[in-house]
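What follows is a set of notes on a single structure, which appears directly below.
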Amino acid sequence: MSDQENKGSVIHNINDMDQFAQFLSSSGFFMMDPLLSHFYDNYMGINKGCSCGKKKKIEATKAIYMRMDDIAFGTKQAMRASLEVNEVNIKDGETLITSF
């Protein structure tokens, strides 16, 4: 995760689903929104059980991660406020998923 300043505003970048899961875990935001909870539960289950299904678990979790634009507006505002930034960018590598 990184913060950068751009024309007087602070932007926080989350670059992949591992960073996003770490943020949710440390902040507790996974409890605030059904989509975040669904993502976090799936993410935490990736390494549980038989490793034969790990690839499918990762794919299913990534599919949820790619829907982060659907986070509730109020949750987005709370996340931005907790990070004390003007903008949060959620990315998958170089691909921007959502910005709020």
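Read-outs: derived from the displayed coordinates by stated rules, not from any lab. Note that the structure is a prediction, hence the values are computed from the model and not measured. Backbone-built Cβ (ideal geometry, glycine too); neighbour counts: all protein chains shown.
Over the chain, how many pairs of lysines fall under 28 Å by alpha carbon, counting only those 8 or more apart in sequence or from different chains?
So the count works out to 15.
Counting every Cα pair in the stretch 28-99, what percent are over 13 Å apart? Mind dumping the intermediate values first?
Values: 1742 of 2556 pairs.
The proportion of pairs with Cα distances above 13 Å equals 68 percent.
So what's the angle, to the nearest 10 degrees on a 0 to 90 scale, between helix 54-65 and the longest Cα principal axis of the chain?
30
Exposure proxy check: Thr95, Thr75, Thr61 ranked by fewest other beta carbons within 10 Å? Display every interim value, and only then the final one.
On the way: Thr95 8, Thr75 16, Thr61 21.
So the ranking, lowest neighbour count to highest, is Thr95, Thr75, Thr61.
Evaluate the distance, in nm, between pseudo-label points positioned 7 Å from the Cα of Ser9 and of Ala81 along their respective Cα→Cβ axes.
Going by the 7 Å Cα→Cβ label model, 1.8 nm.
Going by how many other beta carbons lie within 10 Å of each one, how would you line up Glu94, Glu87, fewest first? Before the final figure, lay out the partial values.
Working: Glu94 6, Glu87 15.
Going from least to most buried by this count: Glu94, Glu87.
With an 8 Å Cα cut-off and a minimum separation of 6 or more residues, compute the relative contact order for the stretch 28-99 in percent.
Values: 55 pairs, mean separation 20.1, N = 72.
With pairs under 8 Å counted, the relative contact order is 28 percent.
Got a sec? Charge dipole of the stretch 28-99, +1 on Cβ for Lys and Arg, -1 for Asp and Glu; which of Phe73, Phe39, Ile97 is way out at the positive end?
The one lying farthest along the dipole's positive direction is Phe39.
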